[in-house]
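The values are calculated or read from the model by the stated rules, or taken from the named source; none is laboratory data. Note that the coordinates shown come from a computational prediction; the quantities given were computed from them, not determined experimentally. Cβ atoms come from the backbone with ideal geometry, glycine included; neighbour counts cover every protein chain shown. Ligands, DNA and RNA are excluded from the accessible area calculation, which covers all protein heavy atoms including side chains. Shrake-Rupley method; radii C 1.70, N 1.55, O 1.52, S 1.80 Å.
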Number of protein chains: 4
Amino acid sequence: MRKVYDAVIVGGGINGSSIAFQLVKRGYKVAVLEKGKIAGKASGAAAGILGAQTELTEDGPLFQLACKSRGMFPTLVPELEELSHVHIGYENKGMYKVAADEDQELELKRLIESQRKAGEQAEWLSINEVIRREPSVSDKLLGAMYIPNDGQVQAYDLSLAFAKASRALGAEIYEYTSVSEFILKDEKVHGVITDLGEFLAESVIVATGAWSRMLLEKTGLSLPIIPVKGECFSVVAEKPLVKGTIFSHGCYIVPKQSGRLVVGATVKVNSFDEKVTLEGISSLMEKAKNLIPDIANAEWERAWTGIRPQSADGQPFLGEHPACRGLYIAAGHFRNGILLAPATGELMADILEGKTETSNPFELSRLESLVHM
Amino acid sequence: MRKVYDAVIVGGGINGSSIAFQLVKRGYKVAVLEKGKIAGKASGAAAGILGAQTELTEDGPLFQLACKSRGMFPTLVPELEELSHVHIGYENKGMYKVAADEDQELELKRLIESQRKAGEQAEWLSINEVIRREPSVSDKLLGAMYIPNDGQVQAYDLSLAFAKASRALGAEIYEYTSVSEFILKDEKVHGVITDLGEFLAESVIVATGAWSRMLLEKTGLSLPIIPVKGECFSVVAEKPLVKGTIFSHGCYIVPKQSGRLVVGATVKVNSFDEKVTLEGISSLMEKAKNLIPDIANAEWERAWTGIRPQSADGQPFLGEHPACRGLYIAAGHFRNGILLAPATGELMADILEGKTETSNPFELSRLESLVHM
Amino acid sequence: MRKVYDAVIVGGGINGSSIAFQLVKRGYKVAVLEKGKIAGKASGAAAGILGAQTELTEDGPLFQLACKSRGMFPTLVPELEELSHVHIGYENKGMYKVAADEDQELELKRLIESQRKAGEQAEWLSINEVIRREPSVSDKLLGAMYIPNDGQVQAYDLSLAFAKASRALGAEIYEYTSVSEFILKDEKVHGVITDLGEFLAESVIVATGAWSRMLLEKTGLSLPIIPVKGECFSVVAEKPLVKGTIFSHGCYIVPKQSGRLVVGATVKVNSFDEKVTLEGISSLMEKAKNLIPDIANAEWERAWTGIRPQSADGQPFLGEHPACRGLYIAAGHFRNGILLAPATGELMADILEGKTETSNPFELSRLESLVHM
Amino acid sequence: MRKVYDAVIVGGGINGSSIAFQLVKRGYKVAVLEKGKIAGKASGAAAGILGAQTELTEDGPLFQLACKSRGMFPTLVPELEELSHVHIGYENKGMYKVAADEDQELELKRLIESQRKAGEQAEWLSINEVIRREPSVSDKLLGAMYIPNDGQVQAYDLSLAFAKASRALGAEIYEYTSVSEFILKDEKVHGVITDLGEFLAESVIVATGAWSRMLLEKTGLSLPIIPVKGECFSVVAEKPLVKGTIFSHGCYIVPKQSGRLVVGATVKVNSFDEKVTLEGISSLMEKAKNLIPDIANAEWERAWTGIRPQSADGQPFLGEHPACRGLYIAAGHFRNGILLAPATGELMADILEGKTETSNPFELSRLESLVHM
C-alpha cells in the first residue's frame, strides 16, 4: 500500500487532531496515523481543565499562547459540534485556586497582580466570599484566587470532535496504524513507513505526546521529553457540589454534567506504566476531602491514568525538526494539552505555511541550550 | 422514620420523574421512591425515539397526546438542561418509516393521508429520494414515509434530567427504596410503607412501568399490564451513516452522537428476564443490515434489554385508582414512555389538581370493559 | 402458569442455593425463585472468608454451627465443582487475626484459650513470627492469633456452584422472578404467587437475606433483621503479598488468585443503598495500609457493595414460621453467609424432614424474647 | 537506567512468558519486556483450544511439535498453578471436528487415517453417536472426527501463570516498557534500548507475535509475518450445552466453566485493527447456530479480537537471527500460540544452550526460500 498526502500527522491525540482540523480547513490532503484509538492515551484521560491562568503562573510566551487558545473555544466549540456530532461539554463557570495557608495566600495575591498586569482578569476572594458562591468548599481554607475565564471541556469528547470534524472535511484517520520509520532523503522528509505500508507526504507532523522522544530518535534527534503519569478518579454526587473548578496544590476537582466530579491528578515522573495504584487514589482522596468535605459521601465511579509529556524547560516544542525539512514536531504540552490544542493547531498550520510573523518562541532551536540545563 | 409530603411518587423512571418535575414546579412537596437507581430499568434502556407518528399509526386520543408531548420538547429540554446540568441530546432530524414491499408501501401511503388529515406533516419519498437524503439506506427498499417532526433524545439522560431538575427545585429522591404496602384507610390512600419506614402523603402516584401490576395487587386492583422484553444493541460507525432515524417493521436504527447507532428492539412478551440472548442480537443484526448495509462494518459496542409495560388495550393508564381516593396510576406506556413523558407529567399534575377540562380518555374506568376483551 | 413442587425456595443467594442442593439430593422436586440473578446481591459481593474462629468469638451454638460448616468444605467443594463445572477457589491457608495494641493482644490471647477449650486450634504468634511467615505484614502490629483452619472461597463462584449443581441434579432455577404473595390457607402455606404465575409446594423456604423482613410481613411476621451495607474493593499486587488472610478490627485482606487482594468491609447500618462512597473506600485504604504497607503499590481494580442481613441477636433464623406450617425461614446470617451455607443447607433439609434430633437453637420461637431486647 | 541480564525476552505474551519460565528454571537471570500488559494482545484473546490434531492436519515437524506440546500440559499445569496461584482451567474432554457435507466427511476420514498412522488417536463418529455424547449438537451435521486428546485451557490465565511463575522463580517482568532499538556490535546483540533505559544481555529473544516484523526491521531482517485479526464472542448457557469442543470450518465453540461458551473466530488478513465489527459477530452467530441450535437461547456476554501472527509458510520461526548472534526469534504461531507455548519455551531454551540434537525445522535459514514463494 502506498498513499500520497500533503501532510501526514503522526498521533491521533488532541493536538494531532487539532492540527489535522486546521490543515484540512486550509485545503490540505491530510492523514492522521494513530497507533491505537483516537484519544486513547493522555487526551482521553485528561480532566479537561482550561486553566490558562491556573496552571501557568508567569507571564511569557506560553502564558500568552494559553490565553489565546482559551479564547478560541467559544467559536471553535459550536463549529466542531456541528461538524462532528459530538457534544463537547464546554463550560465557562470559572476556577477557584485556593490557599490553604498564608504562604499560598501571599503567592496567589502576587499572582493576581501579575496576571492583571498582563491584561487578564483575576481577583482574591475571602473564604467567606468563596463559600457564599460555592457553599461546599471547606471553611478551613483561607480564600481563593478567582479566575472567571478559565473553563473546562470533556477532554475525550473534544479530542474526538477534532478528529471527526477533520474526517467530515475530508481528512483520513487511520487507527491501529504504527509508524516504524520516517522516509528521509537529502535532509528532507518524504513520508513514513507504517506496519501496513507507506504514507508519502510533503510534510510530516509528529504529535505523539510522551511517546515523541522514542519516535524521533529514529531521526537522530534526542528530544528532552519525559513521561509523567497522572492518576485521576471520578465520583458522582447527588446534587452538584460546586459550579466552578476547585484547584489547589496537588489536587483539582472539576464538576462535570450530572453531578459528576473528576479529581486529579498525581504526578509520577518517568513512568509509562498505566496502572492506577491504591496509594495514588488514596492520596488524592485525602486532598479532595480537604477541599470539599462533602465529597466523602459522593458515589465512587472509576479511576484511570494518563501519561503526560513533560519537556525539559516546561514549554512545548512546536516547530520544524532542526535537521530535517518538512518534519514538524508538536509535543511536550505536559498538563496543558487540552487547553493548548486550538492554538497549537493554528500555530502549526501557520508554521507549515511559513506564515508566522514574529519569531516562534517554541521552536526547536532552543534544544541546544536545553542540553546544558 | 416517618416523613410527610404532599405527593409521593413510586417509581423513578422517566414518567415518575416527569410527574415529580411538574408537581414540584406547582409547589408540591414531593418524594420519589425508586427501588433501584433512577432510570435503571426501561427508561434507561430505551433508544429514545420520539415517534409520535411512527409508533402510533391511528388518530385518536393517544395519537393526540403523543403529538402534544412531542411538541413540548423544544421548550422543555433547555429548561431541564439548565436545572439539571445534564445534556439530553435532543435532535429533531426526522424519521424515515421505510417500506420493504408493496403492501407496506400502500399501508404507509394510507397512513400519510390519515395523519395529514389529523393535521400532522408526513410525505412519501421514493427510494431514490430517500437515498439522496440518506445515502447509506439500502436501495432494495421501495421508499419511505418521511416524518419531519419525529425526533429523538438520549433516553437515560432525559430521565436523569427530570429527576435532577426535580431535586434542584426541592423534590426528594430516594433510591434503593422499595414500597411494601400502601397505607389505606376509608378508601383513601395516606402514604406508603417502605423497607426503611413510612412516607405519608395526600397523594400517591404509582409510575412503576411493567412492575405496576404486582404493586397494585396490594390494593385489590388487577391492572392488565404485562412485561414485554426488548433487546437492543449499539455500534459505532467511522462516519455517521444516517442523520434521521430509520424505522421499519421489527427494527429501528437511531443515530446518536459520535457516529453511534442504536438498533432496537426485539419483542418478547411476558418476560421480566433481563438477559440478552444470542438470537435476539442475531435477528436484529440481520434486519439492520437490510436497512443500512454498511452497518456491517460498524464497530460493536454493547447490548442490553428493557422491560416495557404493555397494557391490554395499548393505551396507558393515567388516572385515579377506581376504589381508592388519592392513589393515582401512570403506567402502561409500552414503547412510548420517553415520548409521552412530558405530557404524562403535565396530565397527571392536572388530574391531581382536578384541572382536566374534558373527560380523560386514559382513566381507569375503562378497566371493566377491558376485562371482557 | 401453575407449577407444582415439593419445595419452593425464595431467594437464589448462597443459602437458598445450598438448601436447594441438599433438598434435590434427598429427592425433592425443587424450584428456586430469584428476583434478580443468582448470587446477584450479598452472596456475590462477599470476600469469601470462612472465618469460623475469626468472625465468631464465643463458644455457643453459632460457633459450633460455623465450625461444623467449615468442616464440610473439603468434601463439598470437589462434589460441587464436578457437578457444576465452576471453579470455587477454595483455599485453606489459615487466618491471622492481628493485634494493633495491648488491649487487642490480651483479648486475642483470651480468645485463643477459650477456643482451645472448645476444641479448636489457635495460637498466638509474636509479630516476628507473623512476619517470618508473612513478610509483608506491618511490623507496627504486636502479633496475631493464628487460626490454621479458617480458609476462604470465591464467594460468587461457590454460590453459582450450589445453584448449577442443584440444576444438574434436577432443580429448576427461575431468575428474574419476584414473589408477590404467599398462598396461605388454614395456617399452612401452599405455595407462592409470582409476577408470572403460581408455584405450588408443600414447603416454602424463605432465604432472601436482608430482604426477608419485607417479604415476611405479608404473613404478619415482623422479623427483626436489618440491612447492613458493606463496601469492599480489590487490588492486584505484582507478587502475592500474603498467603493467609489478614484480619483486624474493621478491615480484612483476603488473598485471591493471581495476586488479587480483596479488602473489606465497611459497616453501614440500615441501608439498602448499594452505592460505594468515596469515604468508604478511603477509610478502608487507610486501614489496609496499616496492615500491609506494600498494598499501597498494588494496582487498583474495582469497588462494590453487599447488603448483609443482621438479626437482632446476631444469630440467624433457621426454622419454621411460628404461625404458618410448611413455611420455613433461613435468614439473618450477617457476615457469615458464605461460611454457614453448607451447614444451613443441611440443617434446613433436616428441619423440613423433622430430623433434627435435639432442640434447634436457631428456631423462631426466640422471637418473642427478642421483642423485649 | 542500565540493567544486566543473561537473557532479555521482548514480548510478554504466552510464548515470551513460556520461554522466560524455561530459562529461569535453568538458572538464567531473565527479564521480560512487555510494551503493554502481560497477555494483553492475542494471548489473552485466544479461546484456548489445544487443537494439535484439529488445527494441524498433516503430519510433519509442526504436527509433531504440537503433539509434543500438548503432551506437556498434564505435568506443566499443576506446576504453574502451584507457583503462580493462577487457576488455568485445563480440561481434556476431547474435540469434535464436524462434517457438514460429504466432502468434509471424506476429508475427515482421510485425516483420521493419516493421524493414526502418525501414532495419534482419532475416530469417526456417526452423527447419531455424536448426539448420544453431545445431545445439543445439530442433527443436520453428518458426523465428526473425534479427537480424545485435544483439550483446552483459559488462554489468558495460562499466559499469566507462565509470567507469574517465572517471577516467583526470580524473573523480572517489566510491563509498559517498549523496545526502541537493539544494541548490536560486531554482528552480535548486546541488549536493547527501551523508553526507560538499557537492558543489557547475552541473549535477546523476540517473541512479539504479529508485531515482530516491525521490530526486526531495525536489524535489517524482513520477517514474512502478517497480522490476522480474529473476532470472538462469549455467551453463557443455563446448562452446559457441550462437554467437548465443537470445531468446524470457520467456527469453533469451546465450553468453559459455568456454562460459558467461547465462539471464534473470524479471519481478517493484514489487519492490526482491534475493532469488533457487527458483521464479524453476525457471521459467527450464524455458524454457531448451525453447530448447536440451542446456543440461540444463551445469554450474550461480550465480544473481542486478537491479532494473530501468520507466517508465509504457516510454520513459526523458532531460531537465531541469520545475521546477528545472540538474537533469537520465536514468532509466527498463528492460531496455535497457546498450544505451542510449552514446547516453544523448551525448544528456545535448548536453542540458546545449543542443545538441539537434530536439525531444527523452524529455524530462520528457510527465509531465503520463502522470499521466492
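Output ³J(HN,Hα) for the range C:139-145: one whole-Hz value per residue in order, computed from phi by the Karplus curve 6.51 cos²θ - 1.76 cosθ + 1.60 with θ = phi - 60°, and x for Gly and Pro.
Once rounded to whole Hz, the list reads 7, 8, 7, 9, x, 8, 7.
Probe radius 1.4 Å, ligands and nucleic acids left out: which of D:249, A:321 has the largest accessible area, and how do the rest follow?
Numbers: D:249 160, A:321 15 Å².
Descending accessible area places them as D:249, A:321.
Return the chain A residue and its Cβ-to-axis distance, rounded to the nearest Å, for the rotation relating A to B.
Spelled out as residue then distance in Å, it is A:87, 3.
Between residue B:206 and residues 5 or more places away or on another chain, which pairs have amide H atoms under 5 Å apart, with H built 1.01 Å from N, and which residues are they?
Amide H neighbours of residue B:206, under 5 Å, 5+ apart: B:10, B:328, B:329, B:330.
Given a Förster distance of 25 Å, report the FRET efficiency between residue D:140 and residue D:93 from their Cβ-Cβ distance, rounded to the nearest 0.05.
So the FRET efficiency works out to roughly 0.60.
With contacts defined as alpha carbon pairs under 8 Å and 6 or more residues apart, what's the relative contact order of chain C in percent?
Answer for chain C is 24 percent.
For the range C:338-373 and the range D:304-373, write down the distance between their C-alpha centroids in whole Å.
With the range C:338-373 and the range D:304-373 each reduced to a Cα centre, they are spaced 64 Å.
Going by a 1.4 Å probe on protein heavy atoms, which residues of the range B:247-262 end up with at least 50 Å² less accessible surface in the whole assembly than in their chain alone?
Residues shielded by partner chains are B:257, B:258.
Rounded to two decimals, what is the ratio between the C-alpha radius of gyration of the range A:222-373 and 2.2 N^0.38 Å?
Here the Cα radius of gyration is 1.28 times the empirical estimate.
Please state the charge dipole magnitude for chain C, taken about the Cα centre, from unit charges on C-beta atoms (+1 on K and R, -1 on D and E), reported in debye and rounded to the nearest 20.
520
To the nearest Å, what is the center-to-center distance of the range A:235-250 and the range A:69-96, using C-alpha atoms only?
Centre-to-centre distance over Cα atoms comes out at 20 Å.
I'd like to know which of B:312, B:277, B:337 lies farthest towards the positive end of the charge dipole of the range B:271-371, counting +1 on Cβ of Lys and Arg and -1 on Cβ of Asp and Glu.
B:277
So, R0 is 25 Å and r is the distance between the beta-carbons of residue A:188 and residue A:359; what FRET efficiency does that work out to, to 0.05?
0.60
Straight-line reach from residue D:275: which lysines fall under 21 Å, measuring Cα to Cα and dropping same-chain residues less than 8 apart?
Straight-line reach from residue D:275, under 21 Å: A:35, A:37, A:41, A:164, B:239, B:256, B:289, D:35, D:37, D:41, D:229, D:287.
Buried accessible area between A and C (1.4 Å probe, both chains summed, ligands and nucleic acids excluded), in Å² to the nearest 100? Mind showing how you got there, number by number?
Values: alone 16270 and 16280 Å², together 30860 Å².
The contact between C and A buries close to 1700 Å².
Residue B:190 label points, 7 Å along Cα→Cβ, one per copy: pairwise distances from this copy to the rest in nm, shortest first?
3.3, 9.2, 9.2
Between copies, how far does the label point of residue C:58 sit from its twins, in nm, shortest first, when each point is 7 Å from Cα along Cα→Cβ?
When each copy's label point is compared with this one, the spacings are 6.9, 7.1, 7.9 nm.
Return the residues of the range C:80-104 for which accessible area with all protein chains present is lower than in the chain on its own by 50 Å² or more; set the probe to 1.4 Å and exclude ligands, DNA and RNA.
C:85, C:87
For residue A:129 and residue A:267, what does the FRET efficiency come to when R0 = 25 Å and r is the distance between their Cβ atoms, rounded to the nearest 0.05?
Computed FRET efficiency for residue A:129 and residue A:267 comes out at 0.25.
Place +1 on the Cβ of every Lys and Arg and -1 on the Cβ of every Asp and Glu in the range D:80-147, take the dipole about the Cα centre, and give the residue among D:136, D:83, D:112 whose Cα lies farthest towards its positive end.
D:112
Which percentage, to the nearest 5, of the DSSP beta bridges contained in the protein assembly as shown is antiparallel?
Here the share of antiparallel DSSP bridges comes out near 70 percent.
How much area per residue is accessible in the range A:166-318 when the probe is 1.4 Å and only protein heavy atoms are counted (Å²)?
Accessible surface, normalised per residue, equals 33 Å².
What is the list of residues in the range C:41-63 whose amide nitrogen lies under 12 Å from a point 7 angstrom out from the Cα of residue C:313, following Cα to Cβ?
Those under the cut-off are C:61-62.
Spelling out what I want: for every residue of the range D:77-88, take phi, set θ = phi - 60°, compute 6.51 cos²θ - 1.76 cosθ + 1.60 (Karplus), and round to whole Hz; glycine and proline get x.
Per-residue couplings from phi come out as 4, x, 4, 5, 4, 5, 6, 9, 6, 10, 8, 8 Hz.
In a Gaussian network model over chain D where Cα atoms closer than 10 Å are linked, find which of D:251, D:324, D:232 has the largest mean-square fluctuation.
D:324
Dividing the convex hull volume of the alpha carbon atoms of the range A:1-81 by its residue count, what do you get in Å³ per residue? Don't jump to the answer; show the numbers that get you there.
Numbers: hull volume 10.3 nm³, N = 81.
Spread over its residues, the Cα hull of the range A:1-81 gives 128 Å³ apiece.
If you build a Gaussian network model of chain A, linking Cα atoms that sit under 10 Å apart, which residue out of A:106, A:339, A:142 swings the most?
A:106
With the convex hull built on the Cα atoms of the range A:17-155, state its orientation-averaged projected area in nm².
10.5
Can you give me the accessible area per residue for the range C:1-109, using a 1.4 Å probe, in Å²?
38
Jot down the per residue volume, in cubic angstrom and as a whole number, of the convex hull over the alpha-carbon atoms of the protein assembly as shown. It would help to have the intermediate numbers written out before the result.
Working: hull volume 302.7 nm³, N = 1492.
In the protein assembly as shown, the Cα hull volume divided by residue count equals 203 Å³.
What are the nm distances, shortest first, from residue B:357 to its equivalents in the other copies, labels at 7 Å along Cα→Cβ?
Values, ascending and in nm: 6.4, 8.2, 10.0.
Just the number, please: carbon plus sulfur as a percent of the accessible area of the range A:220-309, 1.4 Å probe, no ligands or DNA/RNA counted.
Numbers: 1430 of 2820 Å².
After summing per-atom areas, the C and S share lands at 51 percent.
Residues of the range C:284-326 with backbone nitrogen within less than 19 Å of a virtual label 7 Å along the Cα-to-Cβ line of residue C:370, please, listed as ranges.
Under cut-off, by backbone N: C:307-326.
Please name which of A:328, A:248, A:236 has its Cα lying farthest along the dipole of the range A:222-341 towards the positive end, using unit charges on Cβ (Lys, Arg +1; Asp, Glu -1) and the Cα centre as origin.
Of A:328, A:248, A:236, it is A:328.
Quick one: dipole size for the protein assembly as shown, taken about the Cα centre, charges +1 on Lys/Arg Cβ and -1 on Asp/Glu Cβ, in debye to the nearest 20.
It works out to roughly 0 debye.
Rounded to whole Hz and in sequence order, give me ³J(HN,Hα) for the range B:192-208 from the Karplus expression 6.51 cos²θ - 1.76 cosθ + 1.60, θ = phi - 60°, writing x for Gly and Pro.
Coupling constants for the range B:192-208: 9, 9, 10, 5, 10, x, 9, 10, 8, 6, 5, 10, 10, 10, 9, 9, 10 Hz.
Taking the Cα centre of the range D:44-135 as origin, work out the dipole magnitude from +1 charges on Lys and Arg Cβ and -1 charges on Asp and Glu Cβ, in debye rounded to 20.
Charge dipole, the range D:44-135, about its Cα centre: 200 debye, nearest 20.
Return the carbon/sulfur percentage of the accessible area of the range D:1-67, one whole number, probe 1.4 Å, all protein chains in place.
C and S atoms contribute 50 percent here.
Just from its helices, what would the mean residue ellipticity at 222 nm be for chain A, if runs of 4 or more DSSP H residues each count -39500 (n - 2.57) and the sum is divided by every residue, rounded to the nearest 500 deg cm²/dmol?
My calculation for chain A gives -10000 deg cm²/dmol from helical runs alone.
Using the Kirkwood radius over Cα pairs, work out the Stokes-Einstein diffusion coefficient for chain D at 37 °C and 0.692 mPa s, in µm²/s as a whole number.
Values: Rh = 21.1 Å.
Rounded, D is 156 µm²/s.
Given 25 °C and 0.890 mPa s, compute D for the range A:117-265 with the Stokes-Einstein relation, Rh being the Kirkwood radius over Cα pairs; round to the nearest whole µm²/s.
Calculated translational D: 124 µm²/s.
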